[in-house]
Amino acid sequence: MTRSEELFVRAGTVIPGGVNSPVRAFGAVGGTPRFLDRGEGAYVIDVDGNRYVDLVGSWGALLFGHAHPEIVGAACAAAARGTTFGAPTEGEVELAGRIVDALPGVELVRLVSSGTEATMSAVRLARAATGRDRIVKFDGCYHGHADAFLAGGGSGLATFGIPRSPGVTEGSTRDTITAPFNDLDAVDRVFEEAGDAVAAVIVEPVAANMGVIPPTDGFLEGLRARCTENGSVLIFDEVITGFRIGYGGAQTRWGVTPDLTTLGKVMGGGFPCGAFGGRRDLMERLAPSGPVYQAGTLSGNPVAVAAGIATLDLARRFDPYPGLERTAETLATGLEAAFATRPFPVSIGRAGSLLSLFFAEGPVRNFDGAKTADHDRYARFFHHLLDRGIALPPSGYELWTLGTEHGPDEVGAVLDAARSFEG
């Protein structure tokens, strides 16, 4: 028995399912999750000493790879001064200022500790500002595990949310309306039928939790126009795209400015850190400026903030985005060539340096399309690459993440492994 297998058995006796986040359990691909010991640049090493090219990257958080010395140094220096205070620090002001400077949709920002906190707080704020209850989300987009977001749609063009998890009440999802991603007709129907009750539309500007699905031409612009006309708040969930698809996020890349933005991952430099921000008139409704309550003991944690500042300063100094996109394009083109003669369909979803692989006819434009992919084949592909030293996300619904440390050698290793996959 390997050490990973031993640890997974032990973990199952003290942690539900043996993991602290469900996808880590390899439930979608089968087998035993690898317990990791350390990361080095583009690689992770498990407790058995196996070394893998890492295409998970902590689900998008590591723009500069594992254990970047400047980020680690900043975090260590901050920790030496104190790990938490529950009081304001200069670092909070510095990180908030960088976010406001970077994102056109953010005039004021509040730091939190996770993406889920950011999205649920943004929705609360939107409801308070509009005096309305309902929110619109898109099927397959993930906004954290707050009850209102764990809603799936039934049949039909757009439907009221149905709880997707035991413990989530019908009351929690009753005010969530789901619609297909990239479908403005469905959004029009929502506003025709319930527009005066819609507080907010929340969307991943690039869907990255059903595989990577870019917005179709005009989709984000259409959401902006409809929210403006209806008096609803447009929320961009940029927990993944923020500071990853570009320094100014998806809102800069597509030239569409939301009313509120949620952030996480890259902005924390690998530490638990999130944020939500937006128009000044909305954000000033938050306590203590206004009546909308939101709080957190570890919000603005000094160690996470220091790592975040170091990460964003690296991004401004070195502008890694063109290089990341070239790497993604090389990888995507190579994968398409590797499977060109195979007797099964393959489609690459890509936006900037975000990408994923669907064993399906493409292009995939929404969650229904993502569900038609052959996920059993993806599981076989996952293990084929894992056996050859490549760590993919253990689900066909997740994005592949690149960092600045992924170079020709790492891309070549991925493509060599892919070429030998027979299906």
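No value in this document is a laboratory result; all are computed from the given coordinates. In this text, all values refer to a predicted model and were calculated from it rather than measured experimentally. Cβ atoms come from the backbone with ideal geometry, glycine included; neighbour counts cover every protein chain shown.
Data table
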{"item": "Label zone at Asp48 (point 7 Å along Cα-to-Cβ), backbone N below 14 Å, the stretch 1-32", "result": "1-9, 31-32"}
{"item": "Separation of the Asp188 and Arg285 label points, Cα + 7 Å toward Cβ, nm", "result": "2.9"}
{"item": "Antiparallel content of DSSP bridges confined to the chain, in %, to 5", "result": "60"}
{"item": "Sequence of Asp139, Asp147, Asp54, Asp387 once ranked by neighbouring C-beta atoms within 10 Å, starting from the fewest", "result": "Asp387, Asp147, Asp139, Asp54"}
{"item": "Proxy reagent accessibility, fewest Cβ within 10 Å first, across Thr84, Thr178, Thr261", "result": "Thr84, Thr178, Thr261"}
{"item": "Globularity index of the stretch 69-317, i.e. its alpha-carbon radius of gyration over 2.2 N^0.38 Å", "result": "0.99"}
{"item": "Gain upon complete extension [Glu336, Glu107; 0.36 nm per residue less C-alpha separation]", "result": "78.3 nm"}
{"item": "Order of Asp374, Asp196 - criterion: other Cβ atoms within 10 Å of each residue's Cβ, fewest first", "result": "Asp196, Asp374"}
{"item": "Kyte-Doolittle mean at least -1.0, axial Cα span of 20 Å or more - DSSP H helices of the chain", "result": "115-130, 302-318, 321-338"}
{"item": "The stretch 24-122: translational diffusion in µm²/s, Stokes-Einstein, Kirkwood Rh over Cα pairs, 10 °C, 1.306 mPa s", "result": "95"}
{"item": "Linear extension gain, Arg164 paired with Glu422, 0.36 nm per residue minus alpha-carbon span", "result": "89.4 nm"}
{"item": "Dipole of the stretch 25-134 [Lys/Arg +1, Asp/Glu -1 at C-beta], most positive-end residue of Gly115, Trp59, Val72", "result": "Gly115"}
{"item": "Alpha-carbon spread of the stretch 322-423, three principal axes, descending order, Å", "result": "33, 27, 25"}
{"item": "Cut-off 13 Å between beta-carbons: net charge of the residues surrounding Ala315, Lys and Arg +1, Asp and Glu -1", "result": "+1"}
{"item": "Gain on full stretching of the segment that runs from Phe318 to Val100 - 0.36 nm per residue minus C-alpha separation", "result": "76.5 nm"}
{"item": "The chain - charge dipole about Cα centre, Lys and Arg +1 at Cβ, Asp and Glu -1, debye rounded to 20", "result": "480"}
{"item": "Amide hydrogen neighbours beyond the local backbone of Val256, cut-off 5 Å, H modeled", "result": "none"}
